[in-house]
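The structure appears right after this line, and notes come after that.
The values are calculated or read from the model by the stated rules, or taken from the named source; none is laboratory data. Please read these numbers as outputs of a predicted model, since none were measured by experiment. Only protein heavy atoms, including side chains, enter the accessible area calculation; ligands, DNA and RNA are left aside. Shrake-Rupley method; radii C 1.70, N 1.55, O 1.52, S 1.80 Å.
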Amino acid sequence: MKRADSTPRIILRSEHGIDRSLISPKAIEVVDSLKSAGYSSELVGGCVRDLLLGRTPKDFDVTTNARPEEVRTLFRRCEVFGRRFQIAQVRIKNEVIQVATYRRSPTKKSRRRGSRFVSLNGKIIKDNLFGHIQEDAFRRDLTINSLYLHPSDMHIVDYTGGYEDARNGIVRIIGSPAERYREDPVRMLRAIRFASLPGFSFDGATEKELSVCGHLLSGISNYRLGDELSKLLFNGRARKTLELLHHHDVLRILFPPYKWLKAGKNDNHGVIDWMRMLLDETDERIQSGEHTSIAFTMAAILWPKFNNSLTKRSRRRRNFPFHVARDILHQQKIRTYIAGNFVQRVEAIWLFQKILETEAATKGTRLVQSENFRAAVRLFELRSKVGEVEHRKCRAWTELRDQQVIEPQPRLNRYRNRPRWR
Ligand code: ATP
Ligand code: MG
């Protein structure tokens, strides 16, 4: 990786060959408006990385030397969000463009643990120190996420060596991995997410520190971890991500009901094989554009835990399964946030299993009208694959399900933006 004081590398359009028409015209409009007002501005982060890798960016991030308040005065529909990390969101028609002001890392002195900027265990609590573009480049997480693209003539400015890393498929933390993971442990999950890209692997030090620092994730807010977990599960590479999470012993931190899972241990009660089967199926569905929900995926991931807890303890207590479900979901929710309505759906999918086991799949049954019917049958199918329930019974339910007409899902906006936790 390059040193913080070395000159940046300029990569011209003729070298990288990115097609300008793949950039959202609204993002270009935001950059142009900032430049016309006398500020500097470019595209940065995930969109430049994705364009270089030939992938369609899901959103566009803009950087500038204008302060968030100054950005606000330039656009009609703009709000400034975030305390720890202030960011301006510009809304143009149905698209939201995030505009971040160049930041710098706290100085050595203010980086002392227990200061205004860094907590006693080294975590950054305030990240609003504005700086120059070069400083901004070095406070980003990975070299591949630290490339600046000027949409006017399409040249890229690379301060950290991210262009070579993107070309060679290397996930490399900028700076000392131990320090950067301590400052913000979510960077570990981000590193894992990008290492699951086809043809990508970790740089040595970036990988080595994962197993050392993994436990720090338990100190992160459940909202942020919940957000990151959905990105890990629904990016179409969940199976590879699972292997990386488990290999680096992070899986058990993300899923407290499985806190006994240990990397390298064979005796994991079939949980890892179960998750492999589920996430293979999730990836296939995402690749073929089918719908998949967080409620179903959580229900399926935690099913072995729920099922084992039921068989272990007395089933005679009234409402026992319901209490077990509440208990498991509570443990999970305090680590990775799950919204109330999804919690109820997970419970319903679990409790549905008993009904599917005992009732006959007859035409006209009211069960098909339940909003959880399809998800419950999907879990039942997975269970039949591992021999937990009879294939014949499962086939009867899937046939019944397939006769039902599904309402078309609303189309998601290609450039849709979600709130960012950082
Ligand atoms: P995606 O949008 O696919 O999730 P992204 O890299 O664009 O990927 P964002 O959350 O949109 O992710 O962040 C935009 C950019 O901000 C990143 O590319 C990276 O440069 C920087 N960034 C994000 N999270 C962190 C972090 N925890 N620490 C340092 N820099 C970060
Ligand atoms: Mg992004």
With a 1.4 Å probe and every protein chain left in place, tell me how much accessible area residue 132 has, in Å² to the nearest 10. 130 Å²
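Counting only protein chains, not ligands or nucleic acids, how are 243, 42, 399 ordered by accessible area (probe 1.4 Å), most first? Numbers along the way, then the final one.
Details: 243 60, 42 5, 399 105 Å².
Ranking 243, 42, 399 by accessible area, largest first, yields 399, 243, 42.
Please state the shape class of the stretch 178-274: rounded when a/c is under 1.5, otherwise prolate if a/b exceeds b/c and oblate if not, all from the C-alpha gyration tensor. Don't skip to the answer; put the middle values down first.
Values: a/c = 1.29, a/b = 1.17, b/c = 1.10.
It is rounded, given that a/c, with a ≥ b ≥ c, falls under 1.5.
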Accessible area of residue 281, 1.4 Å probe, to the nearest 10 Å²? 40 Å²
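How large is the translational diffusion coefficient of the stretch 250-387 in µm² per second when you combine the Kirkwood radius over alpha carbon pairs with Stokes-Einstein at 37 °C and 0.692 mPa s? All intermediate terms of the calculation are to be shown ahead of the outcome.
Details: Rh = 16.0 Å.
Using the Kirkwood radius from Cα pairs, D works out to 206 µm²/s.
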If amide hydrogens are placed 1.01 Å from N in the peptide plane, which non-local residues have theirs closer than 5 Å to the one on residue 293? none
If you line up the long axis of helix 271-287 against the longest principal axis of the chain, both from Cα atoms, how many degrees apart are they, to the nearest 10? 60 degrees
Heavy atoms only, probe 1.4 Å: what % of the accessible area of the stretch 264-346 goes to carbon and sulfur, would you let me know? 46 percent
The chain - accessible surface per residue (Å², probe 1.4 Å): 49 Å²
So who's got an amide H within less than 5 Å of the one on residue 103, skipping anything under 5 residues away but keeping other chains? H placed 1.01 Å off N, in plane. 131, 136
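Under Stokes-Einstein, with the Kirkwood radius over Cα pairs standing in for Rh, what whole-number D in µm²/s applies to the chain at 25 °C and 0.890 mPa s? Intermediate results must be reported in sequence, preceding the final value.
Numbers: Rh = 23.6 Å.
In µm²/s, the coefficient is 104.
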Per the 1.4 Å probe, what fraction of the accessible area of the stretch 9-169, in percent, lies on carbon and sulfur atoms? 47 percent
What number in nm² do you get for the stretch 9-169 if you take the convex hull of its Cα atoms and divide its surface by four? 9.9 nm²
